[in-house]
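For reference, the structure discussed in these notes is given below.
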Amino acid sequence: MEFIFKKRDIRKIAQTLGTAPEEENNNQIRFVLNNQETGRRLALEIYNGIRIGKVTGNLISVFTDNAHIQLHFCTGYVTSDLLGEVTFIGEHHNRVSGLIIEKQAACSLYSNIDKKLLSGDFTKLGPEVMLAGIALSLTEYIL
């Protein structure tokens, strides 16, 4: 396992999301986001360097009122203060998965995306595919 979340990473994520971690211990960091205008609420948990099967890796879990989403083997992240979101990524061979957490307590998951889509011409993609390429294109520089 190469990437480990450090204290400065957690501070950067907290700044972008506009909230401090509610819990923080050796391997787990938990953030809770509330959007009172929309009634949305989510919990974000970052498990740093834990056993996932027979391998060690990072696990990102999101809990909402209606869903539980996980990204196994997170290999990095990108913050955007302008957009108010953090994108966690996992890369395996030429495929990328991205879990986007928004400051407004929303999240999106794009899974198993061909890495070439992130740097290609989005106008040549169908609208149902274009959004994934655009959303994850912010992560291209760390892949």
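Can you pull out the residues in region 85-98 that are in contact with a Gly (Cβ under 9 Å, 6 or more places away or on another chain) and modelled with pLDDT of 95 or more? First the steps, then the outcome.
Going residue by residue through region 85-98, those that are in contact with a Gly (Cβ under 9 Å, 6 or more places away or on another chain) are 87-91, 96-98.
The one that is in contact with a Gly (Cβ under 9 Å, 6 or more places away or on another chain) and modelled with pLDDT of 95 or more: Phe88.
Scanning region 35-52 for residues that are in contact with a His (Cβ under 9 Å, 6 or more places away or on another chain) and either free of Cβ contacts under 8 Å to residues at least 12 places away in the same chain or aromatic (Phe, Trp, Tyr) (or both) turns up nothing.
Give the residue that is surrounded by the fewest Cβ atoms within 10 Å (Cβ to Cβ), with candidates limited to residues of region 68-88 that are in a loop (DSSP other than H, G, I, E, B) and among the aliphatic types (A, V, I, L, M). Walk me through how you get there before you give the answer.
Quick first cut of region 68-88, residues in a loop (DSSP other than H, G, I, E, B) only: 73-75, 81-84.
Then keep just the ones that are among the aliphatic types (A, V, I, L, M); that gives 82-83.
Values: Leu82: 7, Leu83: 13.
Residue satisfying both the conditions and the ranking: Leu82.
Limited to region 24-34, what total is found for residues that are surrounded by 11 or more Cβ atoms within 10 Å (Cβ to Cβ) and either over 13 Å from Ile101 (Cα atoms) or among the charged types (D, E, K, R) (or both)?
Taking region 24-34 and keeping what is surrounded by 11 or more Cβ atoms within 10 Å (Cβ to Cβ), we get 24, 27-34.
From what is left, the residues that are either over 13 Å from Ile101 (Cα atoms) or among the charged types (D, E, K, R) (or both) are 24, 27-30.
Final tally of qualifying residues: 5.
For region 122-143, taking the residues that are in contact with a helix residue (DSSP H, G or I) (Cβ under 8 Å, 6 or more places away or on another chain) and outside any helix (DSSP H, G or I), the one that is modelled with the lowest pLDDT is identified as Leu143.
Assigned to a helix (DSSP H, G or I) and of a type outside the set (D, E, K, R), is that true of Ile100? Lay out the reasoning, then the answer.
Working: assigned to a helix (DSSP H, G or I): no; of a type outside the set (D, E, K, R): yes.
For Ile100, the condition - assigned to a helix (DSSP H, G or I) and of a type outside the set (D, E, K, R) - is not met.
Set side by side, the residues Thr56, Thr16 differ, and just one is touching a Ser or Thr at 6+ places or on another chain (Cβ under 6 Å) and either among the hydroxyl-bearing types (Ser, Thr, Tyr) or surrounded by fewer than 12 Cβ atoms within 10 Å (Cβ to Cβ) (or both), which is Thr16. Looking at region 99-121, which of the residues that are over 22 Å from Arg11 (Cα atoms) and of a type in the set (A, V, I, L, M, F, W, C) is modelled with the lowest pLDDT? It comes out as Leu118.
For Asp65, the criteria (1) at pLDDT 95 or above; (2) surrounded by fewer than 16 Cβ atoms within 10 Å (Cβ to Cβ); (3) charged (D, E, K, R) hold in every case but one, which is (1). Here region 51-62 is the region considered, the condition is being in contact with a strand residue (DSSP E or B) (Cβ under 6 Å, 6 or more places away or on another chain) and modelled with pLDDT under 95, and the residue that is farthest from Lys12 (Cα to Cα) is Ile52.
The values are calculated or read from the model by the stated rules, or taken from the named source; none is laboratory data. Treat the numbers as computed from the prediction; the structure is a model and nothing was measured. Using ideal geometry, Cβ is built from the backbone for each residue, glycine included, and neighbour counts are taken over all protein chains shown.
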